[in-house]
Amino acid sequence: MILSMTGYGKSESQFRGKKIICEIRSLNSKSLDLSMRLIPQLRAHELELRTVVAQGLERGKADLAIYEETASSTQQNAVTPVNWAAAKEYALQYKTQMGCSEVPEAVMASILRFPDVLKPQEDTTDLTDKEWADILAMVQKAMDAFIAFRTQEGAALQAMFTGKLDGIADLLAQVEPFEKGRVAKIKERLEQSLATLSAQITTEIDRNRLEQEMIYYLEKLDITEEKVRLTNHIRYFRETMNGEGSGVGKKLGFIAQEMGREINTLGSKSNQSEMQIIVVRMKDILEQIKEQVLNVL
């Protein structure tokens, strides 16, 4: 079963009397690119959290966010928090510089509008063992939801790939009727051209050499090997999708490239419009596969 690199997971917990939320989301990327946004109390544990999350991500452009739930600004009773420690410090500096014992009301009103004062003081005290264990449990719960999301998306991708591979296999089978009569038509056309040429020249043609050259030319147009290799690539693509382990997306990308080479060779050897139309349709389906393979973990 393949996994998608697109994923989302969310969990909630209580931390020091407040509700905190953990969200993990990711998109496709060739390697792991993890960015983190944490509450101040967790900044000292960023490396530990990065290690824990990276083990479950493997690849992808991912974002881990752990934040406190805040009241909506549209609520009528919303109160702007005040950093009283910063306000007192500004008031103390004013009294020291001005040599007074009291801060005028107008000055204090101005102080209370300072950006640093309207920003609450951060709680950076160390986590207890229980708090850290609760944080890890919350992150793991979000990771479980994240992996479940990836699995669900991967199942949808696998179903899509199966349908596309069936489409290419069906088109490859449609080539066979045109291939059977193709050699006879090519041979007939060459002999007609040769008869026209013979009527224009007096030199006798070496029939043995002609047959050798004709066989060589027809062998160059034979597509049996391409059909066999393309069939094998389709089978290997299916087997790889059902396999276990990491790096499945990269393997599928390589197989899709090989399928493209065989289809291109089929196109170059197709000298009938019907076969060329089939090849174009194969290429269209393969491009759709290549686009979605980029989303496979």
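The numbers here are math on the coordinates, done by the rules we state, and not lab data. In this text the structure is predicted, and so the values were computed from the model without any measurement. For neighbour counting, all protein chains shown are included, and Cβ atoms are generated from backbone atoms with ideal geometry for every residue, glycine included.
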Counted charge near residue 23, where neighbours are those whose Cβ lies closer than 12 Å (Asp, Glu -1; Lys, Arg +1): +1
For residue 144, what charge total do you get from the other residues with a beta carbon under 12 Å from its beta carbon, if Lys and Arg give +1 and Asp and Glu give -1? +3
The residues 146, 15, 114, sorted from fewest to most surrounding Cβ atoms within 10 Å, come out as 114, 15, 146
Regarding region 86-177, what whole-number volume in Å³ per residue does the convex hull of its Cα atoms give? 215
Let me make sure I get this right: for region 251-297, a, b and c are the square roots of the gyration tensor eigenvalues over alpha carbons, sorted descending. Under 1.5 in a/c it's rounded, otherwise prolate if a/b > b/c, else oblate. Which is it? oblate
So, in Å, what gap is there between the alpha-carbon centers of region 243-280 and region 34-71? 40
